Amino acid sequence: MGLWHVGVETLVRSRFAVSALTETVAALIKLHHGDPGAGGRGWFQAHAPAYRRMLAADPFAARFVATALGRWLPDFMVTPPEDDDRGFHDELRRVRRTPPGVAVAHLATAAGGEVPAELRGPDLPDRVADLLDWIWTNTLDADWPRRKRILEADIVARTERLSSGGWAAVIEDMRPGLRWLGDGSLRINANDYPPRDIAEGAQLLFIPATTVRYGWVAWEEPHRYALIYPCSGILADAVDHTPPQALSRLIGPVRAHILTLLGSPKSTTQLVALTGYGLGSVGGHLRVLLDAGLLRRSRSGRSVLYYRTPSGDLLAEIASGTG
């Protein structure tokens, strides 16, 4: 798994994607390991108690996560999304359809040893799907439209970088250890494993997630492969960026939302993806904030980045009670 041989045509046709199942697995990892990471301590504190109660009431789920969330992730629970998936439950159906023997074999590989007897039953895929469904329903579903915008904003930022620096520049910034070495070689990590040949014509996806890990890889051989990487920190932090009510009353909710997000520089397209507002709306509010002296802008390559002035920082801090 340390080195993938990827044809130039496959790399050129690769694309970014958002996956609700991937984000659900990332949420499970964060809840299980007790590390809120990207996505915020508020989210973790809101859902960790219910997660612990669920495990206490379901010995199967408790044993599964203790076995599966260690060395590697079982392949059957992290399969890449397909082009016609319309949401989480489309992806979850593939988990349920996994033959039980295949699921047990994947779990054994992930655990690096024998699978406990209570996890080797024919209902393993269904029980794992039920666990993931619980995580989705109880911790992500209600907030998915906003969280999806965060992930899409990461894709926007990397696509902008792709146009100026090519795949090598984009890949090297995704996660530690990931490198495009040229000559069709993609280094996934520094581990000493036999190279993996990606068939010409296979689909290669890059999927952001608010994960606390370096990410992971997934595949459904020989046609689909995915590399899951941590959503950019400045964007993942936006999961918790709800504008203070006082600031919303003072300058309006849309401008307050934009000003809150601009604690670090962002482009107009990133702001559109993060907020869900239209390009014209975001552009108009940016002009008002610029005219008021709360923002500045500068060019970075082909993008224009907006960021708060000291006055903008002070207003945001006072309104949030931190200034």
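Tabulated results
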item: Candidates per trypsin sites (Lys or Arg not before Pro) in the range 1-80, loop by DSSP, up to 12 other Cβ within 10 Å; result: 71
item: The chain - share of DSSP beta bridges that are antiparallel (%, nearest 5); result: 60
item: By average C-beta atoms within 10 angstrom, highest first, the peptides 310-319, 83-92; result: 310-319, 83-92
item: Nitroxide proxy distance, nm - points 7 Å out along Cα→Cβ at residue 307 and residue 288; result: 2.5
item: Other-chain or far-sequence residues with amide H under 5 Å of residue 231's (modelled H); result: 209, 210, 211
item: Amide H contacts of residue 185 (H built 1.01 Å from N, under 5 Å, at least 5 apart or other chain); result: 6
item: Of the chymotrypsin sites (Phe, Trp or Tyr not before Pro) in the range 166-227, those whose Cβ has at most 15 other Cβ within 10 Å and which sit in DSSP loop; result: 214
item: Full-stretch length increase - residue 299, residue 146 - with 0.36 nm per residue and alpha-carbon distance subtracted; result: 52.3 nm
item: Anisotropy class of the range 44-126 from Cα gyration tensor, a/c 1.5 cut; result: oblate
item: The range 20-143: relative contact order as a whole-number percent, Cα under 8 Å and 6+ apart; result: 32
item: Per residue Cα convex hull volume in Å³ - calculated over the range 241-320; result: 80
item: Extension gain, residue 130 back to residue 314 (0.36 nm per residue minus Cα-Cα distance, nm); result: 61.6 nm
item: Cα centre as origin, Lys/Arg/Asp/Glu Cβ charges: the chain dipole, Debye; result: 1040
item: Cleavage-rule hits, trypsin sites (Lys or Arg not before Pro), the range 170-210, DSSP coil, Cβ neighbours within 10 Å at most 16; result: none
item: ³J(HN,Hα) computed for each position of the range 254-260 - Karplus, 6.51 cos²θ - 1.76 cosθ + 1.60, integer Hz, glycine/proline x; result: 5, 5, 5, 4, 5, 4, 5
item: Folded to 0 to 90 degrees: helix 124-135 orientation relative to the chain principal axis, Cα; result: 20
item: Estimated inter-spin distance, residue 191 and residue 250, nm [label 7 Å along Cα→Cβ]; result: 5.0
item: The chain: angle of helix 100-111 to the longest principal axis, Cα-based, in degrees nearest 10; result: 70
item: Cβ charges +1 (Lys, Arg) and -1 (Asp, Glu), total dipole of the range 1-98, debye; result: 400
item: Helix axis angle, 279-291 relative to the chain longest principal axis, alpha carbon, degrees; result: 40
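Values quoted throughout were computed directly from the atomic coordinates according to the rules given, and no laboratory measurement underlies them. All values reported here derive from a predicted model rather than from experimental measurement. So basically every Cβ, Gly included, is an ideal-geometry build from the backbone, and we count neighbours across all protein chains shown.
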